[in-house]
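So the structure is just underneath, and the comments pick up after that.
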């Protein structure tokens with residue numbers, strides 16, 4: 001079901017088919033429809049094909065421990081975390097700073113090794129992978145989005161987006177086409193050749209979102225993606241992520257303490273002192289937000 | 001439909017983990033492009049790194065230019081002496097001592113050249129270490145995007161060779177030019193007396209030494225950069 005808003009009279013028509021004339025004021029809706037179609041087509045083009053996938057849980061962690069050594073002192077950051085993350089869900093990991101959510105993010109993303117316990121991605125034990133396979137995993141299976149955007153400063157938006165494709169061995173023509181497609185998808189079709197410092201924070205994060213999709217990953221890991229953005233821009237990025245999640249079925253795992261994120265999450269995992277405090281479902285959260293509002 | 005064909009190619013799922021596609025690459029052409037871009041975009045930093053090699057190579061080339069020029073002058077003087085019929089066999093008094101002194105001077109000069117090259121190598125290592133530290137976050141990001149350790153090493157080494165080449169070229173031309181001017185001031189016809197083939201060879205050798213030195217000097221920083229775990233590299237605040 002598509003929602004079409006008439007630009008003339010504001011009438012909202014919900015339809016599954018094609019509407020070219022507003023039933024209320026008879027205004028021409030073809031431009032609006034074309035824009036929506038364009039966007040949907042783009043989304044379908046970059047969408048993840050998960051027709052062959054079988055595992056219900058895309059990420060599983062088992063008794064995950066991480067201990068950091070600060071000189072003589074051992075600081076435990078994770079104390080036995082077991083989480084199962086479903087394919088295609090939008091999951092938020094919440095917790096105060098220092099609770100271990102970034103550490104968990106690093107473990108799941110294969111950026112750091114756990115002290116004890118393991119993490120499975122599509123039932124593959126990450127501890128068993130060598131450097132090459134880990135790089136492959138980071139390149140093909142996981143897309144990363146960071147609080148500080150982390151674009152390569154000397155590269156243009158397009159080059160940033162195509163960098164993971166170079167590593168994946170894609171041909172130059174394919175790369176350029178796909179890079180432009182992805183930037184178009186996140187609404188930066190006009191800014192392919194801008195350097196990061198020529199873009200606003202929100203635009204840089206959009207480039208980062210496009211880059212995370214470069215090799216069509218199964219999982220997008222976002223570490224505080226709205227942390228450095230103002231309210232409105234943060235909202236736009238969240239909406240973009242949600243849209244990607246719904247349209248392409250990519251699993252989104254986001255460490256955050258942005259309350260706007262709760263709204264769109266399927267589940268929220270609360271972490272405190274390196275342990276899972278509680279897991280909330282969408283329904284419960286809605287209720288809670290409702291009570292807060294009154 | 002071309003689009004659909006392309007889409008299928010890009011989105012073919014890689015679920016077969018049994019034979020994980022060993023396809024993580026960084027073609028040399030791309031590595032070179034990235035390195036070159038880094039040198040150009042960070043020209044200030046690159047010039048500081050390059051200055052070490054410029055000075056070292058300039059000194060080396062100036063010494064060699066002096067040698068070739070002096071040999072040219074000596075040959076010319078010997079020829080003109082023969083022309084006016086001086087007896088070649090009879091050594092001037094004190095020639096023995098002059099020769100020994102000349103040899104000692106050459107040894108001192110070699111020592112100075114070696115020292116100056118070593119100092120410039122240490123200088124390059126130092127600036128490369130700084131440049132690597134500055135870019136830890138960038139290195140971490142590249143690793144997140146699927147870069148292998150060797151890609152990072154490759155990028156930094158290419159960068160260093162490019163810098164080494166540019167620095168050596170500037171240094172060689174400067175050292176050669178300045179020393180040549182000094183000799184021309186001393187004896188205006190010196191350019192005609194010099195063996196230019198030999199001079200060119202020396203300049204090429206100087207370029208080679210410069211590039212080799214900057215390559216060697218960049219290995220430790222590049223290894224350090226590549227071996228950082230991505231999480232640690234990303235967490236660095238500079």
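The values are calculated or read from the model by the stated rules, or taken from the named source; none is laboratory data. Computed from a predicted structure; not experimentally measured. FYI the Cβ positions are ideal-geometry reconstructions off the backbone, even for glycines, and counts take in every protein chain you see.
Of the candidates A:110, A:98, the single residue that is assigned by TED's automatic domain parsing to the domain that holds residue A:214, within 15 Å of residue A:217 (Cβ to Cβ) and assigned to a loop (DSSP other than H, G, I, E, B) is A:110. Suppose we filter A:183, A:158 for residues that are under 16 Å from the mean Cα position of the chain (by Cα) and either part of a helix (DSSP H, G or I) or more than 7 Å from chain B (Cβ to nearest Cβ) (or both); which single one remains? Only one candidate qualifies: A:183.
Taking the criterion of being out of contact with any helix residue (DSSP H, G or I) (no Cβ under 6 Å at 6 or more places or on another chain) and either assigned to a strand (DSSP E or B) or surrounded by fewer than 17 Cβ atoms within 10 Å (Cβ to Cβ) (or both), the residues of the range A:258-267 that qualify are A:259, A:263, A:267.
So for the range A:55-76 (the condition being free of Cβ contacts under 8 Å to residues at least 12 places away in the same chain, within 11 Å of chain B (Cβ to nearest Cβ) and under 27 Å from residue A:243 (Cα atoms)), does at least one residue qualify? No, every residue in the range A:55-76 fails to be free of Cβ contacts under 8 Å to residues at least 12 places away in the same chain, within 11 Å of chain B (Cβ to nearest Cβ) and under 27 Å from residue A:243 (Cα atoms). Please work out if residue A:239 is within 30 Å of residue A:57 (Cβ to Cβ), in contact with a helix residue (DSSP H, G or I) (Cβ under 9 Å, 6 or more places away or on another chain), away from every other protein chain (no Cβ under 14 Å) and in contact (Cβ under 8 Å) with a residue 12 or more places away in the chain. In short, yes. Check whether at least one residue in the range A:271-280 is assigned by TED's automatic domain parsing to the domain that holds residue A:107, out of contact with any strand residue (DSSP E or B) (no Cβ under 9 Å at 6 or more places or on another chain) and over 13 Å from residue A:99 (Cβ atoms), and report yes or no. Looking through the range A:271-280, none of the residues is assigned by TED's automatic domain parsing to the domain that holds residue A:107, out of contact with any strand residue (DSSP E or B) (no Cβ under 9 Å at 6 or more places or on another chain) and over 13 Å from residue A:99 (Cβ atoms).
The number of residues in the range B:106-150 being within 14 Å of chain A (Cβ to nearest Cβ) and within 21 Å of the chain's Cα centre (by Cα) comes to 1. Scanning the range A:87-98 for residues that are touching a residue at least 60 places away in the same chain (Cβ under 8 Å) and more than 20 Å from residue A:63 (Cβ to Cβ) returns A:87, A:88, A:89, A:90, A:92, A:94, A:96, A:97. In this structure, residue B:100 does not qualify as within 26 Å of residue B:52 (Cα to Cα) and either exposed (fewer than 13 other Cβ atoms within 10 Å of the Cβ) or over 21 Å from the mean Cα position of the chain (by Cα) (or both).
Yes or no, residue by residue, for (1) within 14 Å of another protein chain (Cβ to nearest Cβ); (2) buried (at least 17 other Cβ atoms within 10 Å of the Cβ); (3) closer than 25 Å to residue B:28 by Cα:
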position: A:166; (1), (2), (3): yes, yes, yes
position: A:197; (1), (2), (3): yes, no, no
position: A:200; (1), (2), (3): no, no, no
position: A:206; (1), (2), (3): no, yes, no
position: A:214; (1), (2), (3): yes, yes, yes
position: A:224; (1), (2), (3): yes, yes, no
position: A:232; (1), (2), (3): no, no, no
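Checking the stated criteria, residue A:233 turns out not to satisfy the condition of being part of a loop (DSSP other than H, G, I, E, B), more than 25 Å from residue A:136 (Cβ to Cβ) and either touching a residue at least 40 places away in the same chain (Cβ under 8 Å) or over 14 Å from the mean Cα position of the chain (by Cα) (or both). Is at least one residue of the range B:130-150 touching a strand residue (DSSP E or B) at 6+ places or on another chain (Cβ under 8 Å) and free of Cβ contacts under 8 Å to residues at least 12 places away in the same chain? Scanning the range B:130-150 turns up at least one residue that is touching a strand residue (DSSP E or B) at 6+ places or on another chain (Cβ under 8 Å) and free of Cβ contacts under 8 Å to residues at least 12 places away in the same chain.
Taking the criterion of being more than 10 Å from chain B (Cβ to nearest Cβ) and either touching a helix residue (DSSP H, G or I) at 6+ places or on another chain (Cβ under 7 Å) or part of a helix (DSSP H, G or I) (or both), the residues of the range A:121-135 that qualify are A:126, A:127, A:128. When the helices (runs of 4 or more DSSP H) confined to the range B:1-98 are screened for residues that are modelled with pLDDT of 80 or more and within 14 Å of another protein chain (Cβ to nearest Cβ), those reaching at least 2 such residues are found at B:28-41, B:43-83.
Each residue in the range B:187-204 was checked for being touching a residue at least 40 places away in the same chain (Cβ under 8 Å) and in a helix (DSSP H, G or I), and 6 of them qualify.
Scanning the range A:85-109 for residues being facing chain B (nearest Cβ under 10 Å) and over 16 Å from the mean Cα position of the chain (by Cα) gives a total of 2.
Of the residues making up the range A:71-86, just one is in a loop (DSSP other than H, G, I, E, B) and crowded, with 19+ Cβ neighbours inside 10 Å, namely A:83.
Checked against the criterion of being in contact with a helix residue (DSSP H, G or I) (Cβ under 6 Å, 6 or more places away or on another chain), at pLDDT below 75 and surrounded by 15 or more Cβ atoms within 10 Å (Cβ to Cβ), the range A:34-43 contains one or more residues that satisfy it. Just one of the numbered conditions (1) surrounded by fewer than 22 Cβ atoms within 10 Å (Cβ to Cβ); (2) facing another protein chain (nearest Cβ under 7 Å); (3) in contact with a strand residue (DSSP E or B) (Cβ under 9 Å, 6 or more places away or on another chain) is not true of residue A:144: (1).
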